[in-house]
Amino acid sequence: MDQDLSLLAELLVAFFLVVGGFFALVGSIGLIRLKDTMQRLHAPTKATTVGVGGALISSMLYFLLIENQLSFHELLITLFLFLTAPITANFIAKTYMQDKIRRKDLPESGREYGWALYDHPPEMTDESK
């Protein structure tokens, strides 16, 4: 019975390692093959994040199921990665837009004040505070 549980744990760890490795490979290939900076943003922020997440999940499962220890390091790394990757992609996209895209090439924002990158925010009045 104990060997069956150990085999199942090893299969789960191997599965998440393979899935994580596959997504990391796809993200790396996408980073190389995609032509434009805005296209290249998707490869590292989407596929590679899932790839690293798969490796971290497999590490958490290994320590939990095989070593009988609960490890919070992987959980904290995953949380940090999932919080910082979208923010970094947003900063890169805004920098690219400011450097390469003219304001007249952008579609209408559908708001009264336009694009935040190009327009200053409206002045705050005493009534709106």
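Each reported figure results from applying straightforward, stated rules to the coordinates on display, with no laboratory input. All figures in this text were calculated on a predicted structure; none of them were measured in a lab. Quick reminder, even Gly has a Cβ in these numbers, built from the backbone with ideal geometry, and neighbours come from all protein chains shown.
A few comments on the model shown:
- Computed over the chain with a Gaussian network model linking Cα atoms closer than 10 Å, the most mobile of P44, P86, P107 is P107.
- Largest mean-square fluctuation among A89, A14, A24, in a Gaussian network model of the chain whose springs join Cα atoms under 10 Å apart, belongs to A14.
- The ranking of Y62, Y96 by Cβ neighbour count inside 10 Å, starting from the fewest, reads Y96, Y62.
- Among M97, M124, M38, the ranking by other beta carbons within 10 Å of each residue's beta carbon, starting with the fewest, stands as M124, M38, M97.
- Taken about its Cα centre, the chain carries a charge dipole of about 760 debye when Lys and Arg each add +1 at the Cβ and Asp and Glu each add -1 at the Cβ.
- Rounded tilt (10° steps) of 73-100 against the dominant C-alpha axis of the chain: 30 degrees
- Sorted fewest first by neighbouring Cβ atoms within 10 angstrom, H42, H73 come out as H73, H42.
- Taking L106, L41, L25 in turn, the Gaussian network model of the chain (Cα-Cα springs below 10 Å) assigns the largest fluctuation to L106.
- The stretch 2-104: C-alpha gyration tensor shape, a/c 1.5 cut-off, then a/b vs b/c: oblate
- Each stretch of four or more DSSP H residues adds -39500 (n - 2.57); spread over every residue of the chain, this sum gives -20500 deg cm²/dmol at 222 nm.
- Each of Q98, F23, L8 was placed along the dipole of the chain (beta-carbon charges, centred on the mean Cα), and the one lying farthest toward the positive end is Q98.
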